[in-house]
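Working notes for the structure below.
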Amino acid sequence: MLDSDAGGRLRSTRPGYLLFLLMTGYLLSFLDRQILVMMIDPIKRDFGLSDTDFSLLYGFAFATFYTVLGLAFGRLIDSANRTRVLALCVALWSLATIFCGLATNFPQLFVARMLVGVGEAALAPAAYSLIADVYPAGRRGRAFAIYTMGMYLGAGLAFAMGGSLVQMFAHLETLSWAGLTIKSWQIAFFIAGLPGLVVAFALLFCREPARGTMAGDAALAGPRASFGAFVRQYRAHGQLYFTHHLGFGLHICFGYAITAWLPVTFMRVHQMPPAVAGLAFGVAIMIMGPLGAWLGGVLAEARERRGSRESQLSTTAYACLAQLVAITGATMLSHPWAAFACGTVAIALVGFPAGLNAAALQLITPPTLRGQAGGFFILIGNLLGLGLGPLVVALLTDRLFARPDAVGNSLWLVGLVVLPAAAITLLRGSVLFARRDEMTAGTTETSSASAALAADSG
């Protein structure tokens, strides 16, 4: 998949092929992390867990290392061979997923989930940096939307496959294979983990693209990658980064709450069998998530062509308000399929800004610091998303309502608080992004001191 010039020298991997591998890696990462949701009943039964315990396993165990190491991997991405680093990390999280299937108790599964988080921490920083170096600014919205389609394809596949496996092996508590006795639900982790090893192998043979060569990136030229330069960049443009990270992070928070608990709501409230819920939500996520991501990118780019320089943020703000209406119908309507229709709209709106947050981040970040900026954004987004979103819903269900079938009420209550807060933050950020040329003009002299910064950035 590498091109050669007339002299036989290798040129960079084609952008479309690299984007395909990154999207596939994102698909597999979400397959690996989300398949746990459809295993909720057998895992709770075998390990004696509550909803709160399960939410810690689903969110906290994964997010602990995923968020903290994202910034460290971002630093590595900014200074090392990105495709090689990513290949090793894809292999790590795939093997860790397989180890989830070998866990025989809650602590072992908790540690295996942590290792999945360690490997996946490198994906977003690497993807943010690589995509920005193979696509110009005017095409990044859709490129990032294609990349983030993998998230919804993977989550949808996890629900569909997980629900089907639960039904397939419902009559079996244990299976014997190759001398091992395993729980029937553990097979799902083996199936989910193996394909990632193929993607890791393919990434090893991708040639690294040059950094910062796309049109428009020269204006963002900064000192060579270092943590000190990264901190100075954030200090100089703190308001831009704060509104971006918090606004999009709150949207991510509710997105994880939906993917964790909306299928469970239908299983508990509408007595939908796991196989039916898994297939229904799996197909909905695989169709509506990518469709929402694509539409978000197209609409934001269309608004930007008409002169809206803050289109990524304001488009997401409007999507948050629409999502609140959709989740109200999904959790409050008594007819299961009417509620499901509203749920599919809510899922599409989860995906709507998926490519926009990354595209907006590149507008204010020098090419040499994009890995660290991406890692830090992932840290914020997933502390709010994986760390808090599913956990708060579970705590409300266990402690406030004290009954499992109230999970829909808990989900709606979280949305009622989080989504307006996200919209307000993003609208404030849209004003700042619209004036970003004025804000960055005052720091132009900083670029003239790049040599001095580079001298002490090591």
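Here are some notes:
- Residues GLU208, GLU304, GLU120 ordered from highest to lowest accessible area at a 1.4 Å probe: GLU304, GLU208, GLU120.
- Long-range HN-HN contacts of ARG207 with modeled amide H, under 5 Å: THR13
- The residue among TYR135, ALA406, PRO420 whose Cα reaches farthest toward the positive pole of the charge dipole of the chain, with charges on the beta-carbon of Lys, Arg, Asp and Glu, is TYR135.
- Ordering PHE266, PHE110 by accessible surface, largest first, gives PHE110, PHE266; the 1.4 Å probe counts only protein heavy atoms, with every chain in place.
- Placing unit charges on the Cβ atoms only, positive for Lys and Arg and negative for Asp and Glu, gives segment 338-442 a dipole magnitude near 100 debye about its Cα centre.
- Under 10 Å, Cβ to Cβ, from ALA158 - net charge with Lys/Arg +1 and Asp/Glu -1: 0
- Estimated from the Cβ-Cβ distance and a Förster radius of 30 angstrom, the FRET efficiency linking LEU395 and ALA434 is about 0.20.
- Within the accessible area of the chain, the carbon and sulfur atoms contribute 68%, probe 1.4 Å, all protein chains present.
- ³J(HN,Hα), Karplus 6.51/-1.76/1.60, whole Hz, each residue of segment 386-403, x for Gly, Pro: 5, x, 10, x, x, 5, 5, 4, 5, 5, 5, 5, 6, 9, 7, 8, 6, 8
- Whole-Hz couplings from phi, Karplus 6.51/-1.76/1.60, listed for segment 38-43; x for Gly and Pro: 6, 9, 4, 5, x, 5
- Simple Cβ-charge dipole of the chain, Lys/Arg +1 and Asp/Glu -1, about Cα centre, in debye nearest 20: 580 debye
The values are calculated or read from the model by the stated rules, or taken from the named source; none is laboratory data. All figures in this text were calculated on a predicted structure; none of them were measured in a lab. Cβ atoms come from the backbone with ideal geometry, glycine included; neighbour counts cover every protein chain shown. Surface accessibility is based on the protein's heavy atoms, side chains included, excluding ligands, DNA and RNA. Shrake-Rupley method; radii C 1.70, N 1.55, O 1.52, S 1.80 Å.
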